[in-house]
1. Give the calculated FRET efficiency between Ala505 and Ser166 to the nearest 0.05, with a Förster radius of 35 Å applied to their Cβ-Cβ distance.
2. Report the equivalent ellipsoid semi-axes for the stretch 129-238 in whole Å, largest first, defined as the square roots of five times the eigenvalues of the gyration tensor built from alpha carbon atoms.
3. How large is the Kirkwood hydrodynamic radius of the stretch 403-538, in angstrom, based on all distinct alpha carbon pairs?
4. Under 20 Å from the 7 Å Cα→Cβ point of Ala35, by amide nitrogen: which residues of the stretch 44-85?
5. Roughly how compact is the stretch 174-225, stated as its Cα Rg over 2.2 N^0.38 Å to two decimals?
6. At 0.36 nm per residue, and after removing the present C-alpha to C-alpha distance, how many nm does the segment from Lys372 to Asp337 gain when stretched out fully?
7. I need the calculated FRET efficiency for the pair Lys295 and Ala6, taking r as the beta carbon distance and R₀ as 22 Å, to the nearest 0.05.
8. Multiplying the sequence separation of Arg48 and Thr628 by 0.36 nm and subtracting their Cα-Cα distance, what value in nm do you get?
Amino acid sequence: MSDVIAPREEFAAAALTRADDYARLYQESTQDPDAFWGRVAGRLDWNRAPTRIKDVSYDLADFHIRWYADGELNAAVNCVDRHLATRGDKVALIWEPDDPKQQARRITYRELHAEVCRLANALENLGVVKGDRVTLYLPMIPEAAYAMLACARIGAIHSVVFGGFSPDSIAGRIADCGSKLVITADEGLRGGKPIALKKNVDEALKKPGTQSVETVLVVRRTGATVDMQMPRDRWYDAVVEGQPATHQAQPMNAEDPLFILYTSGSTGKPKGVLHTTGGYLVYASYTHEQVFDLKDDDVYWCTADVGWVTGHSYLVYGPLANGATSLMFEGVPNYPDVSRFWEVIDKHQVTLFYTAPTAIRALMREGEAPVKKASRASLRVLGSVGEPINPEAWRWYYDVVGDGRCPVVDTWWQTETGGILITPLPGATDLKPGSATLPFFGIQPALVDANGQELEGAAEGNLVIKDSWPGQMRTVYGDDQRFIDTYFKTYPGRYFTGDGCRRDADGYYWITGRVDDVINVSGHRIGTAEVESALVAHPKVAEAAVVGFPHDIKGQGIYAYVTLNAGEQPDDDLRKELVAWVRKEIGPIASPDHLQWAPGLPKTRSGKIMRRILRKIAENQPDQLGDTSTLADPSVVQALLDERKVK
Ligand code: PRX
C-alpha cells in the first residue's frame, strides 16, 4: 500500500488548477485537441495567429506531425521583447556563480533584451542566416541563455552540447549538423575546478567532418590564457561590443526548427532530436506554468544544465516565455559544502525548485543537518525529473527539504517529448511518493504488451503515447527514417517511449525505467529501478544500481552495485541482509544474484548512472567497457573492476 498525500487546502485554494479543473480540461484536451490547443496557443504573441492547430498522422503511409502550421512567431520575442512593456525591470535571470563568494548577478528583462539583440546583430554580421546551425558549448553562464535566444531571434538552429562532453563527442555533433559557428568559453568552472572548454573545441575542430565551422566565439569566463586561432576565433565581448541593442527579429513559421539536441539511443550514434518553434514554445511555457503553479512573484530554480533538454525547456524557454524569474546555477550541490542548494534557496528566496533524484539521494546521504541549516521557508513547490524517484528519496525531499509543506511534482518526460507529459499538478493532484501520477492535458498514455496489445486498468507494460502533443520532436535531424523507425515502428500508430511503466488501480503511472534496462529473470520482468528502490530503502544504503547479466538457468540474473552510507562497513553479513531485504521488499524473484560493494558508481557529469559500463563489469567483460571518457570520475570503474576480482 502506498500512501496518498492530498493537496493542502490552503495550497489548493490558491492554485492555478484545481482537481475538478483537471478532470474537465483533460477531457476537453483529448476530445477536442483543436479547440484546446488553439486556445492555449493564445498565451504566446504571434506575428500571424495560427488557424490550423493540429495536423498529425502516425500512420506510416502518411506520416506527419505539424502543429500551428500556418502560424508565425519568433521564440526570442516571446521570451524577451513582449515582457518589456509590463516587466522590463523584472529580473529574468539570476545567476549564481560556482563560488558563493563571487557576486551573483540579476539580469532584468530589459538587460536580457539588449544582450540578446547585440549578439543577434553580431551573429548576422558574421554571416549567420536563418536555418544555419550554431553549436553552443558553454558553461552555466548567462551567455548560454543569450546565445540560445540570439539564435532563435535570427532563425539559426542551436545545438547545445553539454560542457562535460569530450572533443570527440563535440566533433560528432558538429559534423552531424554542419555547424557554421561555435560559441564557447575560455574555461568553465564547477566545484572550484576549471574545465578546458576552448581547448576541447580546438581539439574537436581538428577532427574530420568539422570543416563547416567558420567562426568560434569565445566568452571570457575565467580569464585563462587560451589559444586564439585568427581569423577563426573571436572574443565574444569584442564582437558584441558596439552592436546596437535593438534588432528586428526574424519571423519564423511555427514549424521552422528551433533547436537540435543530441541524445543517446540504445544503439548507434546520438540522435539529433529536432524541435520546432510554435508547438514547442506553447508546450514548454504552458507546462511550466501549470506544473509549477507559476505566479508572477515566484523565483524559480531548475538545477539542470542547459546542455540537457530540461535546461532548454525549464531553465530558458518555458520560464522566460512566461516572464518568470529563472535562476541559473553554475556550480554543483556539494561545493563548497553539501548545504549549497539550501543556502542558494535562502539567498535568492527561491519558491519553486526543480532537481533530479540523483542529487536528492546524494544529499540525503549527508543527513538532515546540512538541510536544516537553511530556512527554506520561501519554498512552495518541489520538482523531480530525469529518472524514477524512489519513494524514500521522495519522502525525504517532501519531509525534510519541503518540511511537509510543498507538493513534490515528479515529472516524467524525455528529450523527445519537449516538455513534461506525466506529472502531478500541485493543488489538483493527490500525490503518491514514487509515482509521476497522471497525464498532462492532451497526453494519452497507454500501456502495451510485447505484441502491442493495449492493457486496460491496473497493469504493467511498455509506455506508449497514442496521440501527438505540440511539444513532440519532429524528426531526427537529417534522418526522417530513423525517427520513424525508432519511435513509430515498434507499435504502429503510437509513439513508443522506450520506458516500462505500471498503472495502479487509481490510474496512476509508475515509470519503472527504460525497457532496455528491464531484467528478465526466469520469464519475470523486473525493473532495475524497482530493485534499486528496494535497496536504497535500506537504512544503510546510500545508492544502488542494478543491471542484468546472463544467467545459465534463469536467462538473466540480477547484479546489484551498492554504495553504503558514510561510516557503514561492507561485509558478508550485510550482503546477505541486503539480499534478504530485497526478497522481502519485492519478492524472491527479485533477490540479487550478485551484490557488489561500490565505493562510487560510474556517472556522467550530469549524474546519470552509466549502466552500459555496469553491465559489462557484471558480465565480466572488462575489455568491452567502451568509451568511459564522459564519466564524471573515470577512476570508479577501476575500483569496481578491482572489487570484482577480489570477490
Ligand atoms: O526513462 C525515462 C527517464 O529519463 C528518460 C528520458 O531521458 P532524457 O531524454 O535524458 O530526458 C530527461 C529529462 C526529461 C525517460 O525515458 N525519466 C525522465 N523523467 C522521469 C524518468 N523516469 C521516471 N520518472 C521521471 N520523472
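All of the numbers you see were taken from the coordinates with simple rules; none came from a lab. Given the structure is predicted, the values throughout are model-derived calculations rather than measurements. As a convention, Cβ positions derive from the backbone with ideal geometry for all residues, glycine included, and neighbour counts pool all protein chains shown.
1. Values: r = 47 Å, r/R0 = 1.34.
The computed FRET efficiency comes out at 0.15.
2. Working: eigenvalues 75, 51, 35 Å².
Each semi-axis is the square root of five times an eigenvalue, giving 19, 16, 13 Å.
3. On the way: mean 1/r = 0.0627 Å⁻¹.
Here the Kirkwood hydrodynamic radius works out to 15.9 Å.
4. Hits in the stretch 44-85 for Ala35 at 20 Å: 50-56, 68.
5. Values: Rg = 11.9 Å, N = 52, 2.2 N^0.38 = 9.9 Å.
Against the compact-globule rule of thumb, the ratio is 1.21.
6. Working: separation 35, 0.36 × 35 = 12.60 nm, distance 1.37 nm.
The span from Lys372 to Asp337 would gain 11.2 nm if fully extended.
7. Values: r = 21 Å, r/R0 = 0.97.
Computed FRET efficiency for Lys295 and Ala6: 0.55.
8. On the way: separation 580, 0.36 × 580 = 208.80 nm, distance 4.84 nm.
Full extension of this stretch gives 204.0 nm more.
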